[in-house]
Every structure is written in structure tokens, then in C-alpha cells.
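The values are calculated or read from the model by the stated rules, or taken from the named source; none is laboratory data. None of these values were measured; they are calculated from a predicted model. Every residue, glycine as well, gets a Cβ built from its backbone with ideal geometry; the counts of neighbours run over all protein chains shown. When the accessible area is computed, the model is the full protein with side chains, heavy atoms only, and any ligands, DNA or RNA have been set aside. Shrake-Rupley method; radii C 1.70, N 1.55, O 1.52, S 1.80 Å.
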Amino acid sequence: PLERLTDLRLNVLGNVLRLSGDLDEAKRVLTLSLALAESAASTTDRSRILTSLGNVERASRNPEAAREYYQQAIAIAPTPSVRIQAQLDRLDLALTAATDPDLDTLWRDIRSQLDELPRSRAAADARIHWLSAMTQLRSAGRVDLPWAEMAGVGTEAVDIARDLRDPRTESYALGTLGTLYERAGYERAGYERTGYERTGQLDDARALTERALLMAQSISATDIAYQWQWQLGRILKARDRYDDALAAYSVAYDTLQSLRRDLVAVNPDVQFTFRDRVEPVYREYVDLLLQDRPETSPGASEFQRAREAIEALQLAELDNFFRSACLDAQVVALDTVDRVGTAVLYPIILGDRVEVILSLPEEPLQHFVTRIPQAEVDRTLLQLRRELAKPYTSPSGKQLGQQAYDWLIRQALPALDRANIDTLAFVLDGTLRDVPMAALHDGDRYLIERFAVAIAPGLQLVAPRSLAPQQLQALTAGLTQSRHGFSPLRYVSSELERIDSTIASRTLLDESFTSDTLSEQIAELPYPIIHLATHGQFSSNADDTFVLAWDKPIQVEDFDTLLRRRDAPDAAVAEAIELLVLSACDTAAGDDRATLGLAGLALRAGARSTLASLWALDDESGAQLMGQFYRELAQSGTSKAEALRRAQLTLLADPDYRHPAHWSPFILVGNWL
């Protein structure tokens, strides 16, 4: 029992839980730890535990609560070493805020205490921590402190680490000092990344970074090495040494790939800084691969490497989502799938442009580019998503749909026509994943009126194959009544009845739809199709991604064991789910990466194909679309993508349901055959 552990052991456990992503349990454990420390009247322990609680609240995105815990920890800290740790974590909180009234006092107070620390690894770490935060703040113009004074602190950290013969800490100190010189070499013109004046400090930055990299490699610290390889690439790029920069980025990418399966285990804190410390390596590498350089332009080799890097980024995002390596299903390469009539498009959103790589059957990769700032792309796609979800079609919505069509489709249209393409499979990137491609508009008609549309989760699919008519047997489950605080779903009964009238099915409704019953049915009977008509949510946080059963929400982590029980040795069936349908689920509001949850659910299910909705519709239109989808699927030779297209066109032709809000949110993920 937790109550038998000491406060310090509970503090360690709480920190481990935080790093593993279980923030609620971390807070519970640390709160108990604090109560024990208060009864023992240990101010050192209390300060450390309060700091840990602040870190949990910061990870939970509760800045006010985090600030309060940090302030309490600082106020009672009995020694400089205990106080400075709380202050450094408080400084990290200031980094994420637009303004902080305590910032100036905070960084100065930390700086004055650094010399009070005995020469130890903790003293070196504190200097590195302070220097890293201050470099970011100085670069953003939020503090006014000479670069040279800051560099002195970094030099002290290097000296301490060298005296201690601690190569890992010395590598961090050298690399962080290299980051400072890199930033100092870019004198900002306002706050834009333009108008940089290159100075000789970039040469110092390169020398320090190379020393840090050699030291990391000497101890096989690949989790550190990739950061300095990436930094070296940035510096070389700033010097217009594109070939050398590309080589450095390529090595950083390869290092990350070797770390992919255990990066979170090696450094769990990466989970919370993924966008800052991992994702940019992939994106900047792709940017450089596809960039026109003096006397050369990207070709087939660069296109291939770029799409592989974006694929690797998506897998890394899913690993980060699950906090472990997750792609264990039997998969095949997308290029080996029967793609007659199917084109695969890889749109990539970069800082100053949208790149589209087009793959046509039996043809070399093609490439199209639109010059436009990423901020404008993201803003347009966010507004388009909002317009599409409205119950009416606005002129603004169609205009935004045309903009996205121009970026992704218009330049490729001649090639699509020449190749007689009737199906488009998108490997989507960034904010594009939150927009239904079917609703893109060419000025006259929606994309779905011309092409069947599917979403490929990456360059690999769960062993794809077409769904034979004799396989049209479904296990359907749904909720009509209010459960666990969620509203009733009025049209679920109608939806399941329509399915039952079209194909052979077994239905679990309301009280009979429990997690255990669903699991038992899946294990015992050969249902190629699993159709769940219930509340659910896709989120970028695995803990907030679930499907609601009568007895409880089924978390995404549980899908692995629940839906794959057919793979168990004693299961009657050892086949992948051909089609998983998640009806009435939706993406979390305000979560710009919520579709990670959808990809995660599909992955955990081991399904060849997943049909789901980007937003929930408690409406007859959803039931009508699902019924029509199964009727179309029952037609011999009809692919899943074409069946969905025909069902969507049926609603588009209905005056009551012609608006995209009714038909566009349904997307097919995975195998389109």
C-alpha cells in the first residue's frame, strides 16, 4: 500500500508516474507524499515534493496551480540547492507564458545563487538548465543580458563537468553553449526569422557543437548525439553549406530512427517536449531535402527520402502518443498494394510552403509546391474545419475549400486525369488531418463528386485486401440511453436496424453492450466487421481517447487486448478485423492533433480499415449514410472507398442533408480496397 512508503519514496514514484504520463496518479501519490512530509516537519522534503507537484501541474497545463506550488517550494527551501531546483522549474514555466511579472527577479536570483553551490554534477546541471532557458528568453527578446555574460555560465558548467570526469554532462554543457553561440550569431530583425546577420560566432557555435557531438558519441549517448547532429545541421545551413547541412540532418534523422522504439524510455521527458525536440528534426530535414538549392533541384531520390521521413515522423508521433513503440501489426508497404486507379498524395506543411508528393501507379514520384506561410495554412484549415461543421454551407466555407483544393489537387489534376485515377489516398500531415478531404471544392463541385477518398495512415498498411461479399457479417453495438454523463443517441437503433436489414449481424444494444460482452463476442465468432455506434472521443492524449460502452469508457490502451482477442491461441478466429466502424465518435474540441487518437484506435484494433467521423452527428443523416454505405458495400466489386463515396453522394443529393456537415466528417482510414 502507498501509505507504507516513505514520503521520499512516494516522491520518486510520483516523478516516475509523471514521466510515464499518468498525471492524475502522479498527483495523487505526490499529495500523499506531501502529507507525510508535513507530519515529519521536513522542509527539505516538503520543498522537493511541492516542486514535483508543480511539475505535474505544468505537464497538465495548469500554469496557475504550478506557479503556486513552485512559490511554496521556493519559500520554504532550506538550502540553495533545494531552492534553486524549484526556481529553475519555475523558470521553465515562464518560458511557456507570453509574459511573467516575476521573470526578471527570478532569473537574477538564480544567477546569484549558482556560485553558492558546491562543485558537483548538480551545480553543472543547474548552470546548463539556467543557460538553456536564458538562451531561449534572450533570443525572444524577453531578457536583456549580454550573450558574453551568459556564455561565462556555460563555460563554468563545462569546467565543472571536466573536473568531475563526467563526459555526459560535459557534452550537454558544450552543446548548450554551442546553442547560445548559434543564437548569438543570429541578430534578430524584429521577431521574424528574416534579416539575420551572420557573425563569426557561428564558427564558434560549430566548434562547440562538434566537440559536444564527439563526446556524446564517445560514450554512445545517442539520445544526446542526435541533438548536436541536428544543431550542426542548422549551423551549416545558416552558412549556406547545403550539402554538409543535409548530411548532418541525415545523420540526425538516422540516429532518431535507431532510437524510435525506445526514445521515450531513454528520456521520458521527451514525451512532453516532442514538438520542440523531436518533430523539428524531421520537418527541417524534409524542408532541406525538398528545397531548391544553388545549381540543383530536388529529384526522385529526395522525394523518396522526404516521404519516408514524414512517415517516420508519423510513427514517432504515435509512439509518443502511446509512450511506447506501437506498430506491431503485420504490415505491407503502400507501394506494393494493388493501386490500379489509385493515386497516393503526400501533402507536407513546411514553414514557408506546402509540398505535395504524388505517387501514381508504375510512374516516378512527382512533386508540386505552393509558396505560403505555415501560419496562413493552419489558420485557413482551422477555419475550414469550423465552416464545414456548420449546419449550412457558407460562401466562406466554399472559398476556403477551394484554397485547400488549390494547394493539394489542382496542380496534380492533369496527371490524375492522364492516369485515369478514380481513388485518392492521402497520407496527411499536420492540421490537414483535421479536415475531411472529401469536402475540398474546385469551384464547381466537391472532391468526392469526382474521386473516392481514403486516408492512408502512412507508407504501410495492415495487410490490405478487398472485402468479399461473403465476408459481410457484422457485430454491431450501440448505446441509445444516457450513460456516464453522455447524452442519449436518438438514432442509434435506426442505424443498427438498417445494417441488420442489409447484412448478417449480431447486435449488442444498451445493457448488452458491455466491454466484457463485446470482447467475448469478438473472440468467439468470426465477425469481419465491428460497428460501434456510441459516444467516443479521439484526442492527442491517449488517456482522453475512448469509446463508451454501457459499463464504462473503453480506453484506447484497452483496444489492443479487447479487439485483438481473436489473435489469442484459444480464440476461434485468428484474422485481422476487416472493417472497424466508429459511428458517433468525434475529435476532441480545440485539440489540433486529435486525429492521433483516431489513428491510435485503428492501430490498436489491428483493423485493415477504419471508418470514423471527425465530428459527432446526433442526426438521422448519420444513420442514413451508414445504411447506404453497407448497401453499397454489398454490391459485388465495390471497394470500401467507393462505397463510402456513393453513400456520401446520396446525402449530397438530398436537400435536407446536402451540407458538408452531414456527409463530409466520415473518413476511411487504412485499406481502401
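Here's how it looks for S505: its modeled amide H is under 5 Å from those of A474, which are all 5 or more places away or on a different chain.
Just want to confirm a number: the relative contact order over region 399-463, from Cα pairs under 8 angstrom separated by 6+ residues, in percent.
Working: 56 pairs, mean separation 27.5, N = 65.
Relative CO of region 399-463 lands at 42 percent.
Counted over region 577-673, the DSSP beta bridges are approximately 55% antiparallel. Would you work out the charge dipole size for the chain about its Cα centre, treating the Cβ of every Lys and Arg as +1 and the Cβ of every Asp and Glu as -1, and quote it to the nearest 20 debye? That gives the chain a dipole magnitude of about 400 debye. Beta bridges per DSSP, both residues in the chain: antiparallel share near 50 percent. Reported to the nearest whole Å, the Cα centre-to-centre distance from region 508-564 to region 621-673 is 23. 3J(HN,Hα) along region 409-425: 10, 4, 5, 8, 4, x, 5, 5, 5, 4, 8, 6, 7, 10, 10, 10, 10 Hz, from the Karplus curve 6.51 cos²θ - 1.76 cosθ + 1.60 with θ = phi - 60°, whole Hz, x for Gly and Pro. Note on H441: accessible area is roughly 10 Å² with a 1.4 Å probe, heavy atoms of protein only.
Ranked by solvent-accessible area (1.4 Å probe, protein heavy atoms only, all chains present), the residues D444, D656, D102 order from largest to smallest as D444, D656, D102.
What does the C-alpha gyration tensor say about the overall shape of region 8-78? Classify as rounded when a/c is under 1.5, otherwise prolate if a/b is larger than b/c, or oblate.
Oblate, because a/c is 1.5 or more while a/b does not exceed b/c.
In the chain, a dipole from Cβ-located charges (positive for Lys and Arg, negative for Asp and Glu) runs towards its positive end, and of Y285, L601, L562 it is Y285 whose Cα lies farthest in that direction.
Straight-line cross-link reach from K390 at under 16 Å between alpha-carbon atoms covers these lysines, not counting any fewer than eight positions away in the same chain: K398. Taking Cα atoms only, the orientation of helix 23-40 departs from the longest principal axis of the chain by about 40 degrees.
3J(HN,Hα) along region 522-534, derived from phi through the Karplus expression 6.51 cos²θ - 1.76 cosθ + 1.60 where θ = phi - 60°, amounts to 5, 6, 8, 10, x, 8, x, 10, 10, 10, 10, 9, 7 Hz, with x in place of Gly and Pro.
Let me know the shape class of region 42-105, please: from the alpha-carbon gyration tensor, a ≥ b ≥ c as square roots of the eigenvalues, rounded when a/c is under 1.5, otherwise prolate if a/b is greater than b/c, or oblate. The partial results should precede the final answer.
Numbers: a/c = 2.37, a/b = 1.44, b/c = 1.64.
Judged from the Cα gyration tensor, region 42-105 comes out oblate (a/c at least 1.5, b/c at or above a/b).
The angle between the Cα long axis of helix 242-259 and the longest principal axis of the Cα atoms of the chain comes to about 80 degrees, rounded to the nearest 10.
3J(HN,Hα) couplings calculated from phi for region 299-309 with the Karplus curve 6.51 cos²θ - 1.76 cosθ + 1.60 (θ = phi - 60°) are, in sequence order, x, 4, 5, 5, 4, 5, 5, 5, 5, 5, 5 Hz; Gly and Pro show x. Is the shape of region 332-459 best called rounded, prolate or oblate, per the rule: a/c under 1.5 gives rounded, else a/b larger than b/c gives prolate, else oblate, with a ≥ b ≥ c the square roots of the Cα gyration tensor eigenvalues? Verdict is prolate for region 332-459.
Give the accessible surface of region 26-107 per residue, rounded to a whole number of Å², with probe radius 1.4 Å and ligands, DNA and RNA excluded.
44
Expressed as a whole percent, the accessible surface of region 388-546 that belongs to carbon and sulfur atoms is 46, based on a 1.4 Å probe.
R0 = 30 Å: FRET efficiency of A634 with Q411, Cβ-based, nearest 0.05?
Rounded to the nearest 0.05, the efficiency is 0.20.
Segment A97..Q304, full-extension length gain: 70.6 nm, with 0.36 nm per residue of separation and the alpha-carbon distance subtracted. Once the Cα-Cα distance is subtracted from the 0.36 nm per residue extended length, the R418 to D500 segment shows a gain of 25.4 nm.
Probe radius 1.4 Å, ligands and nucleic acids left out: which of T43, T96 has the largest accessible area, and how do the rest follow?
On the way: T43 55, T96 110 Å².
The residues order as T96, T43, largest area first.
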